[in-house]
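We did not get these values from a lab; they are worked out from the coordinates using the rules stated. Note that the structure is a prediction, hence the values are computed from the model and not measured. So basically every Cβ, Gly included, is an ideal-geometry build from the backbone, and we count neighbours across all protein chains shown.
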Amino acid sequence: MIETIIRYIIIAIVLGLIGEVISYLSSSKTTDENISTTHYRVKAPAVLKYACMSQFILGLIMFLVFSYFYLKGNETVEMGHLYVSSIFGAIGLYGVAWTSKWGVKVDGSQLEIHRIFRIKKVLCITDIGQVIIDKKDAMILYDKMGKKLIKIDALSDNYDHLLNLLKSQNIKISNKRLK
């Protein structure tokens with residue numbers, strides 16, 4: 001029983017280190033990206049990253065508190081508490097990783113679409129066939145063949161820069177909100 005708790009504490013520490021590494025790597029790449037309107041990165045809102053980081057830290061704290069009471073022999077704390085707090089923290093860590101990786105990098109007339117479990121997709125602005133703005137102002141990019149490329153929430157950083165760039169390139173933009 002003690003071995004299981006020690007194993008989970010080690011897992012919690014490793015997850016904490018992974019979270020710190022992800023935060024360090026994402027912050028080391030961050031520069032003032034709003035200098036240019038032709039070179040920037042559309043990324044998930046910072047508040048989402050901090051909310052996920054808070055969830056991860058809360059899950060880690062819950063795990064440590066439950067582990068303490070479990071090791072003291074408190075009968076009301078069971079392994080289920082440890083499982084739930086571990087899963088809660090892992091979901092937060094996944095959110096931090098997702099918000100760090102996800103985005104669209106704009107380099108002049110070239111787009112790089114980054115997703116968490118896929119390789120980056122590089123395409124030219126002229127390869128975008130259509131843009132649809134949905135009812136919640138999210139921007140959905142489609143290629144010339146009609147295949148969905150990515151959906152960008154209206155709260156994303158630099159959303160307006162990308163929308164203005166697409167308008168300036170005369171790409172067809174449909175607005176579902178008006179329909």
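How about the stretch 121-159: which of its residues are under 13 Å from V104 (Cα atoms) and surrounded by fewer than 18 Cβ atoms within 10 Å (Cβ to Cβ)? Answer for the stretch 121-159, where residues must be under 13 Å from V104 (Cα atoms) and surrounded by fewer than 18 Cβ atoms within 10 Å (Cβ to Cβ): K121, V122, L123, C124, I125, I140, I150, K151, D153, D157.
Which numbered condition in (1) in contact (Cβ under 8 Å) with a residue 40 or more places away in the chain; (2) over 17 Å from G19 (Cα atoms); (3) outside any strand (DSSP E or B); (4) not β-branched (V, I, T) is the only one that L60 fails? Going through the list (1) in contact (Cβ under 8 Å) with a residue 40 or more places away in the chain; (2) over 17 Å from G19 (Cα atoms); (3) outside any strand (DSSP E or B); (4) not β-branched (V, I, T), L60 breaks only (2). Being over 16 Å from V106 (Cβ atoms) and either of a type in the set (G, A, S) or surrounded by 14 or more Cβ atoms within 10 Å (Cβ to Cβ) (or both) is the requirement here; does S174 meet it? Criteria met by S174. Taking the stretch 160-171 as the range and being surrounded by 14 or more Cβ atoms within 10 Å (Cβ to Cβ) and not aliphatic (A, V, I, L, M) as the test, only H161 passes.
Within the stretch 58-74, if we keep just the residues that are surrounded by fewer than 18 Cβ atoms within 10 Å (Cβ to Cβ) and among the aromatic types (F, W, Y), the residue that is nearest to V14 (Cα to Cα) turns out to be Y68.
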